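Read-outs: derived from the displayed coordinates by stated rules, not from any lab. Values in this document were obtained by computation on a predicted structure and should not be read as measured data. Cβ placement follows ideal geometry from the backbone for every residue including glycine, while neighbour counts extend to all protein chains displayed.
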Amino acid sequence: MIMLWGREADRAATGSVLDRARAGHSAVLVVRGDPGIGKSALLDDAAAAATGMTVLRCSGVETEAEVPFASLHQLLAPALARATNLPDVQQAALRGALGLGPAAGGDQLLVGVAALSLLAELAEERPVLCLIDDAHWLDRSSAQALRFVARRLQAEAVAMLLGARDEFALEGLPEHRLAGLDPSTADALLRQLRPDLPQRIRVRLVRDSAGNPLALRELPRGAPPFVPAALPRRIQDAFAARIDRLPPAGRAMLLIAAAAADADLGVVLRAARELGVDPDGLGAAEEAGLVTVAAGRISFTHPLLRAAAYQQTTFDRRLAVHRALAELLPADDDRRAWHLAAAATGPDEEAALALEQAADRARGRKGYPASAAALQRSAQLTADPVRRTRRFVAAAVAANDAGQPDLARRFLASCDPVDADPVLTAQVCELRARLAFDEGSAASAHDLLVAGALALAPVDRRAAGLLLVDAARNAWQLSDPPRVREAAARLHELDLSPDDGLGPAVDAVTAAARLLADGPAAGVPAMRALTRTRTGPPNLRLNAAFVAGLVGDFEAGREISQAVADESRAGGTIGWLPLAHVTLAAAELYLGRFRDAVATATEGLQLAADTGQPNRAGYLEGILGWIHAARGDTAECVKLAGNCHDRYTRNRIANGLAWAEWALALLDLGLGRPAEASDRLDAALAGPVRHQIQAVYSAPDQVEAASRIGAYDRAEAACARFAEWAGAARLDWADAVAHRCHAQLEPSWPDANRHFEAAVAAHAASDRPWEAARTHLAFGERLRRERRKHEARTQLRTAAEIFDRLDARPWADRARAELRAAGAQDSAAAPSAVSGLSPQELQIVRLVAAGLTNREIGAQLFLSPKTISYHLYRAFPKLNVSSRTQLARLDLAG
């Protein structure tokens with residue numbers, strides 16, 4: 001066991017992580033601290049304590065930070081033999097990312113899914129400990145994959161310890177910070193290390209080191225006097241002093257090893273021969289405790305030693321070493337490209353081309369951060385301005401794909417003017433539009449997309465059309481009718497042919513422009529045909545799902561979204577899932593499948609965080625906020641609606657703001673605050689939100705709220721708005737709600753009764769439980785006021801039963817209060833079988849009931865089979881079942 005001084009509490013923190021894994025759970029801990037504070041020693045101690053566990057290790061290396069998945073490969077290498085047990089798409093993604101097979105399809109995040117599955121597979125034998133040291137130097141591709149794994153670990157018997165400096169971000173994970181040793185412990189350590197040191201020197205060292213263990217070990221090796229200096233610079237100076245004491249051959253061998261990045265022994269020795277350096281110098285460095293040589297690799301005993309060895313020489317010697325290393329490596333080795341770049345002293349097309357080719361290889365392996373870095377350096381080494389701009393644009397695209405928008409903006413700012421190249425102009429405009437939208441300027445994004453389309457139209461009409469469709473979508477979200485009309489007009493000017501495959505999208509933009517200009521009667525009929533789109537790329541099909549929501553065909557929207565989501569899971573194109581979850585959750589909400597919508601939106605939020613799509617997260621928060629409003633969960637509704645509102649206030653995305661405002665208004669209405677609900681909806685509809693579909697779908701709430709406070713002018717305007725849309729939509733549920741709205745405004749009982757009866761009949765031909773319950777409640781309330789108590793009780797009981805199934809507690813309470821006023825004794829219904837399940841548990845038990853195995857479910861939900869078993873263990877008692885076969889007999893409807 002390693003001897004650690006003064007680290008009892010720190011060892012207890014890491015020990016608890018190991019204990020959880022041994023108990024069959026998973027745990028993650030990020031150990032943070034300054035250089036030399038003891039992070040690596042604490043991880044070594046954990047490895048020594050990991051009896052009965054499989055230990056996997058990797059370390060980030062600063063000079064390997066641009067090699068995609070280098071650290072992940074190092075971590076998983078001992079377990080790769082078990083990768084054959086993974087689903088085919090995951091196995092292909094992992095092998096492609098690690099350079100063990102051809103580049104695979106799917107998203108970069110699929111590599112993280114595969115890594116999680118592989119660790120879970122390995123943990124089936126015995127608990128696994130993953131040690132990731134110097135995580136701040138992980139290549140970005142490995143860091144993204146490991147972040148995904150760390151956030152998804154639940155019940156796999158996997159422990160993960162990461163040692164990192166403060167600059168490494170891992171939000172949402174538990175952390176433990178290492179402090180310096182206390183003065184008495186630091187003094188005791190110094191006494192053991194250097195018993196010959198005088199007390200005055202020890203006192204000064206303890207003070208200057210601030211208890212940093214590495215400083216305490218290294219500073220006494222320097223020559224006195226010990227002048228105070230900042231750490232870690234002073235530690236690096238101490239390392240430099242040790243290197244200076246080596247013979248020339250030893251210093252030269254350290255330089256080659258430092259420049260070689262992976263410190264492969266064979267490459268280092270061959271480079272030494274090319275440079276005329278005596279390889280025996282490596283032995284001197286090893287004897288001095290600066291490096292270790294084992295298993296064909298050279299390892300520095302501390303990362304700062306590598307930096308000191310590299311900097312402790314002249315510029316010309318470093319260039320010579322990089323040239324020698326480049327000559328020894330094959331043409332398709334990414335390291336060769338970087339050595340050529342390091343040896344370049346000015347524009348160098350050979351190095352630039354090699355880096356561009358390395359970037360292509362990295363992109364094929366989903367190593368977008370590495371691709372961006374290689375393209376940036378390639379552009380910097382390029383003399384030709386057009387070629388340089390192309391490389392900077394490609395670097396910007398890769399950086400944005402890697403979730404580095406600030407870096408993408410920097411690369412675009414380095415571009416030369418490209419007016420003479422329409423394709424390049426369009427690329428720049430499209431990327432700047434994406435960045436502008438994410439930055440909060442959807443209007444600028446629209447204008448940039450239109451500019452890109454105009455530049456591209458003479459050479460590629462279809463590509464120009466796609467940019468204009470995106471521009472129209474931005475304008476719609478902004479509720480900006482002039483910009484939607486502009487996009488529609490530009491699309492028609494392109495004179496696209498049927499072979500371009502954009503007919504449905506163009507029709508959707510045209511219909512949206514008509515809807516905004518002339519109202520629902522003009523736009524809805526033209527849009528209805530677009531909901532039949534079932535083929536084509538995901539973006540066009542999800543556009544059709546969105547259109548289905550505009551025309552009230554929620555079954556079509558659900559069907560399209562579900563198909564895209566299923567295909568994305570199967571094919572590993574995870575990036576489409578957050579948007580698919582937005583349209584799917586919205587359709588489920590409108591269909592009254594609240595539990596389904598919560599499960600979909602909750603998973604979508606996690607996926608939006610995993611894939612870096614905050615705008616999608618806002619819509620999902622709005623949808624969840626609305627459902628919590630219906631359920632009367634005030635705190636959750638206010639929190640989620642507030643998050644949604646905050647995301648979209650900055651960029652004025654009216655479609656997102658509409659969800660936030662509607663959720664809060666519904667909360668007010670359900671909790672008996674009709675005046676507040678009416679005022680909120682009136683205020684929201686005075687702005688751009690009035691053009692969004694929520695302005696139609698919230699109109700019945702506005703009718704109810706306004707009529708309950710006697711503001712009949714407001715209620716009549718809202719009723720007319722919904723009735724106009726319903727007349728164009730020609731749907732049973734819409735006709736039913738329109739009749740309900742008219743009934744609530746009728747002072748005459750016979751006229752109100754006629755509308756209510758028509759509404760109930762129309763609901764019987766549709767499947768909208770939420771709206772049906774609202775109609776039965778309003779009808780029952782009016783019947784009671786008309787002293788028709790027996791008839792009222794029938795309507796109110798039906799309303800209460802439906803609200804119970806939907807878990808809409810304030811609405812069920814209101815129905816029961818009316819029942820009591822009508823002379824009935826009615827108690828609350830027992831909770832449904834699934835009401836106690838979490839959204840994730842509900843997803844899992846449904847998939848089990850459908851006959852899927854734990855492994856198949858895990859592949860769908862990007863969780864390990866062990867985690868699926870854990871959730872089933874928790875869900876079975878809640879459902880009062882003890883076997884999978886019993887689930888098939890339960891009502892698990894949403």
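Using only the Cα atoms of the stretch 585-821, each taken as one equal point scatterer with no solvent, compute I(q) by the Debye sum, divide by I(0), and report log10 of the ratio at q = 0.11, 0.13 Å⁻¹.
So the normalised log intensities work out to -0.53, -0.75.
Spit out the partnerless Cys residues in the chain, using Cβ distances under 4.7 Å as the pairing rule.
By the Cβ distance rule, which asks for a partner under 4.7 Å, the isolated cysteines are Cys58, Cys130, Cys415, Cys429, Cys637, Cys644.
Taking the Cα atoms of the stretch 495-652, report the difference between the largest and smallest coordinate on each principal axis, in whole Å and largest first.
Reported extents, whole Å, longest axis first: 51, 40, 31.
What FRET efficiency comes out for the pair Ala23/Glu175, r = Cβ-Cβ distance, R0 = 30 Å, nearest 0.05?
Calculated value: 0.90.
Work out how much length Ala420 to Tyr873 would gain on full extension: take 0.36 nm times their residue separation and subtract the Cα-Cα distance, in nm to one decimal.
156.7 nm
Between Glu62 and Glu567, what is the FRET efficiency for a Förster distance of 45 Å, r being their Cβ-Cβ separation, to the nearest 0.05?
Once the sixth-power term is evaluated, E becomes 0.65.
Once each part is reduced to its C-alpha centroid, what is the distance from the stretch 77-104 to the stretch 8-32 in angstrom?
What the calculation gives is 29 Å, centre to centre.
Report, in deg cm²/dmol and to the nearest 500, the calculated mean residue ellipticity at 222 nm for the chain, where each DSSP H run with n ≥ 4 adds -39500 (n - 2.57) and the sum is divided by the residue count.
-21000 deg cm²/dmol
Which value results when the Cα radius of gyration for the stretch 564-628 is divided by 2.2 N^0.38 Å?
1.01
Per Stokes-Einstein, at 25 °C and 0.890 mPa s, what whole-number D in µm² s⁻¹ belongs to the stretch 456-517, with the Kirkwood radius over Cα pairs as the hydrodynamic radius?
In µm²/s, the coefficient is 217.
Could you tell me how far the Cα centroid of the stretch 782-845 sits from the Cα centroid of the stretch 452-479, in Å?
Using only Cα atoms, the two centres lie 49 Å from each other.
May I ask for the angle, rounded to the nearest 10°, between helix 422-439 and the longest principal axis of the chain, with both axes built from Cα atoms and the value confined to 0 to 90°?
Helix 422-439 and the main axis of the chain meet at about 80 degrees.
Normalise the Debye intensity by I(0) for the stretch 747-894, one equal point scatterer per Cα, no solvent, then take log10 at q = 0.10, 0.12, 0.22 Å⁻¹ and round to two decimals.
Calculated log10 I(q)/I(0) at the listed q: -0.50, -0.63, -1.21.
Taking K and R as +1 and D and E as -1, what net charge do the other residues with C-beta under 9 Å from the C-beta of Glu841 add up to?
+2
What net charge do the residues around Ala92 carry, taking every other residue with its C-beta under 14 Å from that of Ala92, with Lys and Arg at +1 and Asp and Glu at -1?
+1
Ranking request for peptides 743-755, 30-42, 605-617: highest mean number of other beta-carbon atoms within 10 Å first, then the rest in descending order.
Final packing ranking: 30-42, 605-617, 743-755.
Please give the length that would be gained between Ser184 and Ala210 if that part of the chain were fully extended, namely 0.36 nm times their separation in residues minus their C-alpha to C-alpha distance (nm, one decimal).
8.2 nm
Counting Lys and Arg as +1 and Asp and Glu as -1, each charge on the Cβ, what is the dipole of the stretch 8-177 about the Cα centre in debye, to the nearest 20?
360 debye
At 7 Å along the Cα-to-beta-carbon direction for both Leu269 and Val638, put a label point, then send me their distance in nm to one decimal.
7.1 nm
Compute the FRET efficiency between Ala817 and Ala489 as 1/(1 + (r/R0)^6), taking r as their Cβ-Cβ distance and R0 = 56 Å, and round to the nearest 0.05.
0.55
Kindly give Rg over Rh for the stretch 279-333, based on alpha-carbon atoms, with the Kirkwood expression for the hydrodynamic radius.
1.01
Based on the alpha carbon coordinates of the stretch 839-887, what radius of gyration and maximum Cα-Cα distance (Dmax) apply, in Å?
9.6, 27
Quick one: compute a quarter of the convex hull surface over the Cα atoms of the chain and quote it in nm².
One quarter of the hull surface, i.e. the mean projection, equals 41.6 nm².
Any idea what Rg and Dmax come out to for the stretch 248-413 if you just take the C-alpha atoms, in Å?
17.4, 53
Given Cα pairs under 8 Å that are at least 6 residues apart, what percent is the relative contact order of the chain?
8 percent.
If you stretched the chain out fully between Asp499 and Ala517, how much longer would it get, using 0.36 nm times the residue separation minus the C-alpha to C-alpha distance?
Result: 3.5 nm gained on full extension.
So for each of 380-388, 674-682, 798-806 I average, over its residues, the number of other beta carbons within 10 Å; can you give me the resulting order with the highest mean first?
798-806, 674-682, 380-388
What angle, in degrees between 0 and 90 and rounded to the nearest 10, separates the Cα long axis of helix 39-49 from the longest principal axis of the Cα atoms of the chain?
Result, in degrees: 90.
Using Cα centres only, tell me the gap between the stretch 565-580 and the stretch 359-403 in whole Å.
26 Å
If packing is taken as the average count of other Cβ atoms within 10 Å, what order do 47-56, 427-436 fall into, highest mean first?
Descending packing order for the listed peptides: 427-436, 47-56.
Principal axis lengths of the stretch 1-90 from Cα atoms, whole Å, largest first?
In descending order, the Cα extents are 48, 37, 20 Å.
Can you compute log10 of I(q)/I(0) for the stretch 8-177 with the Debye formula, treating each Cα as one identical point scatterer, at q = 0.08, 0.12, 0.13, 0.19 Å⁻¹?
After summing over all Cα pairs, the log10 values are -0.21, -0.48, -0.57, -1.23.
Along Cα→Cβ, 7 Å out, is where each label goes; now give me the distance between the ones at Thr292 and Arg650 in nm to one decimal.
Result for the modelled spin labels: 4.6 nm.
Which three extents, in angstrom, do the Cα atoms of the stretch 14-55 have along their principal axes, listed largest first?
Largest first, the stretch 14-55 extends 33, 17, 13 Å along its Cα principal axes.
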